[in-house]
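In what follows, a single structure is set out as structure tokens and then discussed.
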Amino acid sequence: MNEAPLSFEAAAFQCFVRGLRGVWRDEAYRGSVEAAQRAGSDEPAEIERKARHSPAYSLYSWLERHSQQFKYYGRYGVVRWMEERKDTLSKVLEEAAKRHPQRLQLDPALELPEYVRAVDTHQHGGGIWGDAADAFAYETSSSAYSFSLFNPRLPMDLYAATAQRLAPQAKEVLDLGCTSGGSTRALKKAFPDAKVTGLDVAAPTLELAHLRSLEADLEVHFRQANSEKLPWPRASVDLVASHWLYHEMPPAAVRRSLTEARRVLKKGGGFMAYDMYLVPGGAIGRWLQAGYAARNNEPFAHTYAGMDMEKELEAAGFKGIEMKIAHPEPSPEVQAGALPPHRTHFMTMITAQAA
Amino acid sequence: MSAKDDLVAELGKLGARDPEAARLMGMVMALAGEVFVLKAQLERLTRALETGGAVDAKRLAAAAAQEGMTKWLEAEEAAFARSLTAPYLEPDLSVNATKWMRSE
Ligand SMILES: C[S@@+](CC[C@H](N)C(=O)[O-])C[C@H]1O[C@@H](n2cnc3c(N)ncnc32)[C@H](O)[C@@H]1O
């Protein structure tokens with residue numbers, strides 16, 4: 001379970017980075033919001049120009065960009081740590097791939113979409129698709145703490161519970177963009193009798209997902225495929241779910257992915273997408289979200305939030321579309337349009353049925 | 001320019017507001033990270049020594065004179081200086097991905 005445990009020093013360094021994130025989330029954020037309010041504009045670009053010289057926003061944006069680079073590439077950063085142990089980590093994955101090999105289906109001919117290759121998502125140089133070290137680095141990084149410091153494991157229960165409600169009798173379940181399979185295993189626990197398959201374009205993360213599922217003694221399948229072109233026949237699936245996927249895809253790719261989801265779903269089958277989508281807090285909320293997208297190299301978090309998902313889903317052949325902020329629970333003030341007291345990445349659950 | 005493009009253009013000026021300050025900030029924070037790690041190590045060591053009753057002034061002086069300690073200092077001075085100045089030379093390690101925010 002712990003192939004490359006962080007040294008005492010590396011773990012202490014991550015505490016330091018977490019401390020910086022605390023400043024970003026609290027004081028620097030609040031000062032930035034005040035500067036934005038002083039700007040008195042409804043246009044995020046105008047807010048950006050006017051708030052730019054506020055010391056709080058300078059610090060906020062510096063921390064947003066660079067605390068992540070510290071987390072990954074500082075002297076004790078997670079990516080550096082894993083790269084130094086790459087050979088061991090590759091062997092661990094190779095060995096795991098030999099156990100129950102039918103559960104891990106890789107496709108070396110699959111072409112990585114350009115939007116995956118070119119973006120350095122989360123400022124992870126070269127992305128998570130390169131090699132074993134990248135896969136382990138992403139896993140360690142994302143299981144330690146999310147960007148806005150909430151516990152990333154909590155929402156998994158919500159994900160599983162929503163899936164059960166949406167498709168209680170599901171026998172064939174897909175988890176798109178599964179990375180190391182945390183969300184896929186949550187689905188398997190919700191549907192112990194179903195065939196649950198996690199899909200991703202990145203091979204090393206799928207190998208790691210396979211290893212973790214063997215360790216958890218869960219029969220989960222993983223397949224290297226693009227959600228824009230699913231290797232499943234028409235009307236063969238009961239539930240298509242995704243956990244943090246669409247904010248990493250440009251609108252055209254999201255659109256193709258929705259059409260594909262509809263194609264493989266049986267009539268009445270369930271669709272769910274848990275991701276950053278609804279952005280509370282009016283123009284200032286949108287400004288902060290766009291800034292995050294730019295600074296943490298998640299450009300499609302910006303374009304996804306700008307899509308009209310209700311229309312898109314309808315056009316792709318879905319009905320009964322519902323969406324709401326699912327995590328963390330927004331306060332009544334936030335629901336009424338106020339900004340939260342700490343910088344928060346609100347997660348939206350979108351559900352629908354195949355019409 | 002549309003409001004949307006205007007925002008992306010503004011945000012695309014990553015690090016443009018004061019690049020010198022951003023570089024210096026990187027060095028300061030790298031230093032702070034080292035100091036934090038060091039403090040944690042020292043805290044751990046102090047606790048271990050207190051529990052074991054292991055250390056006195058004479059033993060510390062003997063340790064400082066060891067050849068291993070000298071070698072450690074030589075290696076550490078190079079690594080320390082490099083990690084402190086790296087953010088100045090390379091303040092922003094990521095690609096600028098904002099053009100993707102215009103994706104249709
Ligand atoms: C933020 S991660 C998802 C995390 C994961 N679901 C979890 O909960 O741990 C997004 C993943 O989507 C994958 N991805 C991006 N575009 C994709 C596509 N078109 N098809 C399938 N996977 C894709 C990436 O490789 C990445 O592993």
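Kindly indicate whether B:GLU104 is more than 8 Å from chain A (Cβ to nearest Cβ), surrounded by fewer than 11 Cβ atoms within 10 Å (Cβ to Cβ) and of a type in the set (D, E, K, R). When the stated conditions are applied, B:GLU104 does not pass them. For the stretch A:73-89, indicate whether the set of residues that are in contact with a Ser or Thr (Cβ under 8 Å, 6 or more places away or on another chain), assigned to a loop (DSSP other than H, G, I, E, B) and open to solvent by 30 Å² or more (accessible area, probe 1.4 Å) is non-empty. The answer is yes, given that some residue of the stretch A:73-89 is in contact with a Ser or Thr (Cβ under 8 Å, 6 or more places away or on another chain), assigned to a loop (DSSP other than H, G, I, E, B) and open to solvent by 30 Å² or more (accessible area, probe 1.4 Å). In the set (1) open to solvent by 20 Å² or more (accessible area, probe 1.4 Å); (2) within 17 Å of B:LEU38 (Cα to Cα); (3) assigned to a helix (DSSP H, G or I), the condition left unmet by A:PHE13 is number (1).
Collect the residues in the stretch A:93-115 that are within 11 Å of chain B (Cβ to nearest Cβ) and surrounded by 18 or more Cβ atoms within 10 Å (Cβ to Cβ), keeping them in residue-number order. Reasoning before the result, please.
Restricting attention to the stretch A:93-115, the residues satisfying the condition of being within 11 Å of chain B (Cβ to nearest Cβ) are A:114-115.
Hit for the stretch A:93-115 is A:TYR115, nothing else.
The set of residues in the stretch A:196-250 being of a type in the set (Val, Ile, Thr), within 10 Å of the ligand (Cβ to nearest atom) and either assigned to a strand (DSSP E or B) or in contact with a Leu (Cβ under 8 Å, 6 or more places away or on another chain) (or both) consists of A:VAL201 alone. Scanning the stretch A:157-170 for residues that are in contact (Cβ under 8 Å) with a residue 40 or more places away in the chain and buried (at least 18 other Cβ atoms within 10 Å of the Cβ) yields A:TYR159, A:THR162, A:ALA163, A:LEU166, A:ALA167, A:ALA170.
Yes/no per residue for (1) under 25 Å from A:ILE128 (Cβ atoms); (2) within 14 Å of another protein chain (Cβ to nearest Cβ):
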| position | (1), (2) |
| --- | --- |
| A:HIS243 | yes, no |
| A:PRO250 | yes, yes |
| A:ARG256 | yes, yes |
| A:ARG262 | no, no |
| A:GLY285 | no, yes |
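Considering only residues that are of a type outside the set (D, E, K, R) and at pLDDT below 95, look in the stretch A:21-30 and name the one that is farthest from A:SER146 (Cα to Cα).
Within the stretch A:21-30, the subset of a type outside the set (D, E, K, R) is A:22-24, A:28-29.
Still in the running and at pLDDT below 95: A:22-24, A:28.
On the way: A:GLY22: 12, A:VAL23: 15, A:TRP24: 13, A:ALA28: 18 Å.
Only one residue tops the list, namely A:ALA28.
Residues of the stretch A:116-155 being modelled with pLDDT of 90 or more, open to solvent by less than 20 Å² (accessible area, probe 1.4 Å) and within 20 Å of A:THR184 (Cβ to Cβ), which ones? A:ALA132, A:ASP134, A:ALA135, A:PHE136, A:ALA137, listed by residue number. Only residues that are more than 14 Å from chain B (Cβ to nearest Cβ), within 12 Å of the ligand (Cβ to nearest atom), within 25 Å of A:LYS86 (Cβ to Cβ) and among the small types (Gly, Ala, Ser) were counted in the stretch A:116-158, giving 5. The residue that is nearest to the ligand (Cβ to nearest atom), among those in the stretch A:177-187 that are open to solvent by less than 20 Å² (accessible area, probe 1.4 Å) and outside any loop (DSSP other than H, G, I, E, B), is A:SER183.
The values are calculated or read from the model by the stated rules, or taken from the named source; none is laboratory data. Quick caveat, the model's predicted, so the values are computed rather than measured. Reconstructed Cβ throughout: ideal geometry from the backbone, glycine too, with neighbour counts over all protein chains shown. Protein only, heavy atoms only, side chains kept; ligands, DNA and RNA dropped before computing areas. Shrake-Rupley method; radii C 1.70, N 1.55, O 1.52, S 1.80 Å.
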